[in-house]
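Once you've had a glance at the structure underneath, I'll fire off some questions.
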Amino acid sequence: MEYLDMRWPLIAAKTRGETNEALCAITQAMLRDVRGRPGDQLLRRAMSGWAFVVPRPEPAAVPADVRQALGWVAGASRPLADLLDPAVMRAVLAALRLKQDGAVAAAETQRRKHKVLVHAVHYAVEQRKLEADPLAPIQWRVAETVDQVDPRVVANPAQARALLSAVSYIGCFNRARGRRLVGLFAGMYYAGLRPAEAVAVCREDCLLPGHGWGEVILHRTLPQAGARWTDTGRVHDERGLKNRPAGDTRPVPLPPELVRLWRQSIDTFGIADDGRLFFNERGGIVAAGTYSRVWRPARLLALPPDLVQSPLAARPYDLRHSALSTWLNAGVDPTEVAQRAGNSVEVLMNRYAKCLYGRTAISNQRIENLLSEYA
């Protein structure tokens, strides 16, 4: 809890939720088998909802069962010094590899939890509450994560257009559940926007001419984190651009097709009170669950049965993957693609190396042509 107090003001809302989850798992792994143990569901609820949050609720506001569960946790928790026992530390590390149901967690989940454990242990050493780093003598390999984009998720331009068209047919015409989101999805595909960037786009940041290319100046994101984790108590956290200094901007050119769709959205639905292009029926920020519920039936409508069962554009985020892959395959300089996408060239090429269709054949032909000049 002291570690969380220190970290809370320094981390983003989404990271707060991930840290909460990791600390719950670490704490459960440190519990001894003491009589009177509450049920696992109550333990998780007590720790995640009342112990590992900042600011903490007033004691009078804590339900009796939660208060009793946290009292049991306090008595059953091992002393921090027990982590210096390699057997105890290994048991904690092993527990972080599992989900609540006992199944093996995804590699990225394991990595996040391990990172929190390492930081918390180092903080304990720094505060002289541990005499040494209990992780130092233990040989432990964190699960490897796959950082490359699966080429099977990448939609070609014809498939992307079919998906965007299908989105417009979702929901009744008057409520326009799907039609409101065509431009949002189109921004992910034609401009390579991340979802949190797309939902934050404002009219004043856009150049949308009647003909030709336009431009949007990105300067903020609205990631969905949950009201419990944000300083404002709202579901979405307002942040700057990913991996950029606060206040930085990123200009992104908009193809004529996207300019047309965005102008059409403005003409049909207007803009939100704060200038956002895309909003729900009440004018609020479009939630991830909202656009995901539209995307699933749109895939069923747009794709043949064999592709519906495939990973092709399974998630809205895959539209961004499709955009960047398309640009690279079109021969756009990787530096320009990285600049538009908000990535480094190194990350771009590492992530999308498998998506460069036909590059091997082109390279082979160039080598063959050079060799033939000296035949």
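The values are calculated or read from the model by the stated rules, or taken from the named source; none is laboratory data. Keep in mind that what you see is a predicted model, and the values were worked out from it rather than measured. Neighbour counts are summed over all protein chains in view; Cβ atoms, including those assigned to glycine, are modelled from backbone coordinates with ideal geometry. These area figures cover heavy atoms from the full protein model, side chains too; ligands, DNA and RNA do not enter into them. Shrake-Rupley method; radii C 1.70, N 1.55, O 1.52, S 1.80 Å.
Considering only residues that are assigned to a loop (DSSP other than H, G, I, E, B) and among the polar types (S, T, N, Q), look in the stretch 113-172 and name the one that is least open to solvent (accessible area, probe 1.4 Å). Before you say what the answer is, go through the steps one by one.
Taking the stretch 113-172 and keeping what is assigned to a loop (DSSP other than H, G, I, E, B), we get 127-150, 154-156, 168-172.
Then keep just the ones that are among the polar types (S, T, N, Q); that gives 127, 139, 145, 148, 156, 168.
Working: 127: 81, 139: 153, 145: 63, 148: 70, 156: 69, 168: 42 Å².
Per the stated criteria, the residue is 168.
I would also like to ask the following. Does residue 320 satisfy being within 20 Å of residue 167 (Cβ to Cβ) and either in contact (Cβ under 8 Å) with a residue 12 or more places away in the chain or open to solvent by 30 Å² or more (accessible area, probe 1.4 Å) (or both)? Outline the logic, then answer.
Values: within 20 Å of residue 167 (Cβ to Cβ): yes; either in contact (Cβ under 8 Å) with a residue 12 or more places away in the chain or open to solvent by 30 Å² or more (accessible area, probe 1.4 Å) (or both): yes.
Yes; evaluated as a whole, the condition is true for this residue.
When you go through (1) over 19 Å from the mean Cα position of the chain (by Cα); (2) within 22 Å of residue 184 (Cβ to Cβ) one by one for residue 355, which number turns out not to apply?
Result: residue 355 fails condition (2) only.
Output the number of residues of the stretch 275-310 satisfying the condition of being in contact (Cβ under 8 Å) with a residue 24 or more places away in the chain, assigned to a loop (DSSP other than H, G, I, E, B) and within 17 Å of residue 177 (Cβ to Cβ).
Qualifying residue count, the stretch 275-310: 8.
Considering the stretch 242-266 alone, what residues qualify as being assigned to a strand (DSSP E or B) and out of contact with any helix residue (DSSP H, G or I) (no Cβ under 8 Å at 6 or more places or on another chain)?
Step one: of the stretch 242-266, the residues assigned to a strand (DSSP E or B) are 250-254.
251, the sole residue that qualifies.
Any idea which of 272, 191, 198, 225 is out of contact with any Ser or Thr (no Cβ under 8 Å at 6 or more places or on another chain), closer than 15 Å to residue 180 by Cβ and touching a residue at least 60 places away in the same chain (Cβ under 8 Å)?
Values: 272 fails: touching a residue at least 60 places away in the same chain (Cβ under 8 Å); 191 fails: closer than 15 Å to residue 180 by Cβ; 225 fails: closer than 15 Å to residue 180 by Cβ.
Only one candidate qualifies: 198.
Please go through the stretch 260-286 and give me each residue that is of a type in the set (A, V, I, L, M) and open to solvent by less than 30 Å² (accessible area, probe 1.4 Å), ordered by number.
Step one: filter the stretch 260-286 for residues of a type in the set (A, V, I, L, M), giving 261, 266, 271-272, 277, 285-286.
Correct list: 261, 272, 277, 286.
Being outside any helix (DSSP H, G or I) and of a type in the set (S, T, N, Q): is that true of residue 68 here?
Values: outside any helix (DSSP H, G or I): no; of a type in the set (S, T, N, Q): yes.
Answer is no for this residue.
Taking the options 346, 373, 368, name whichever one is under 24 Å from the mean Cα position of the chain (by Cα), surrounded by fewer than 14 Cβ atoms within 10 Å (Cβ to Cβ) and farther than 26 Å from residue 158 by Cβ.
Values: 373 fails: under 24 Å from the mean Cα position of the chain (by Cα); 368 fails: under 24 Å from the mean Cα position of the chain (by Cα).
Of the residues listed, the single one that is under 24 Å from the mean Cα position of the chain (by Cα), surrounded by fewer than 14 Cβ atoms within 10 Å (Cβ to Cβ) and farther than 26 Å from residue 158 by Cβ is 346.
Right, here's the next one. Does the stretch 100-112 hold any residues that are closer than 30 Å to residue 351 by Cβ and open to solvent by less than 100 Å² (accessible area, probe 1.4 Å), and which are they?
Scanning the stretch 100-112 gives 103, 105, 106, 107, 108, 109, 110, 111, 112.
Working only within the stretch 3-20, note down all residues that are under 19 Å from residue 80 (Cα atoms) and either at pLDDT below 95 or within 15 Å of the chain's Cα centre (by Cα) (or both).
Within the stretch 3-20, just 19 meets the criteria.
How do the pairs read when you match residues in the stretch 148-166 that are within 26 Å of residue 179 (Cβ to Cβ) and touching a residue at least 24 places away in the same chain (Cβ under 8 Å) with residues anywhere that are charged (D, E, K, R) and part of a helix (DSSP H, G or I), using Cβ under 9 Å and keeping only pairs 6 or more apart or on different chains?
153/318; 154/318; 155/318; 163/299; 166/299
If a residue has to be open to solvent by 30 Å² or more (accessible area, probe 1.4 Å), out of contact with any strand residue (DSSP E or B) (no Cβ under 6 Å at 6 or more places or on another chain) and assigned to a loop (DSSP other than H, G, I, E, B) to count, how many in the stretch 178-222 make the cut?
6
If I filter the stretch 228-254 down to residues being surrounded by 12 or more Cβ atoms within 10 Å (Cβ to Cβ) and of a type in the set (A, V, I, L, M, F, W, C), which single residue comes out as nearest to residue 286 (Cα to Cα)?
235
Is it the case that residue 320 is of a type in the set (Lys, Arg) and in a helix (DSSP H, G or I)? Show your work before the answer.
Values: of a type in the set (Lys, Arg): yes; in a helix (DSSP H, G or I): yes.
Here the answer is yes, as residue 320 does meet what is asked.
While we're on this one: Please pick out the residue among 53, 34, 62 that is modelled with pLDDT under 95, over 22 Å from residue 138 (Cα atoms) and surrounded by fewer than 16 Cβ atoms within 10 Å (Cβ to Cβ).
Working: 53 fails: surrounded by fewer than 16 Cβ atoms within 10 Å (Cβ to Cβ); 62 fails: surrounded by fewer than 16 Cβ atoms within 10 Å (Cβ to Cβ).
Among 53, 34, 62, only 34 is modelled with pLDDT under 95, over 22 Å from residue 138 (Cα atoms) and surrounded by fewer than 16 Cβ atoms within 10 Å (Cβ to Cβ).
So how many residues does the stretch 76-100 have that are part of a loop (DSSP other than H, G, I, E, B) and among the acidic types (Asp, Glu)? Break it down stepwise before answering.
First pass over the stretch 76-100, keeping only residues part of a loop (DSSP other than H, G, I, E, B): 78-79, 85, 96-97, 99-100.
Retained after the next criterion (residues that are among the acidic types (Asp, Glu)): 85.
Residues in the stretch 76-100 being part of a loop (DSSP other than H, G, I, E, B) and among the acidic types (Asp, Glu): 1 in total.
Now for a separate question. Is it the case that residue 49 is farther than 30 Å from residue 232 by Cα and of a type in the set (Gly, Ala, Ser)? I'd like the intermediate steps shown before the answer.
On the way: farther than 30 Å from residue 232 by Cα: no; of a type in the set (Gly, Ala, Ser): yes.
The answer is no for residue 49.
For residue 7, state whether it is under 25 Å from residue 133 (Cβ atoms), open to solvent by 50 Å² or more (accessible area, probe 1.4 Å) and in contact with a Leu (Cβ under 8 Å, 6 or more places away or on another chain).
Details: under 25 Å from residue 133 (Cβ atoms): yes; open to solvent by 50 Å² or more (accessible area, probe 1.4 Å): yes; in contact with a Leu (Cβ under 8 Å, 6 or more places away or on another chain): no.
No.
Additional query: Please find, within the stretch 333-373, the residue that is nearest to residue 252 (Cα to Cα) out of those that are modelled with pLDDT of 90 or more and not in a helix (DSSP H, G or I).
This residue is 342.
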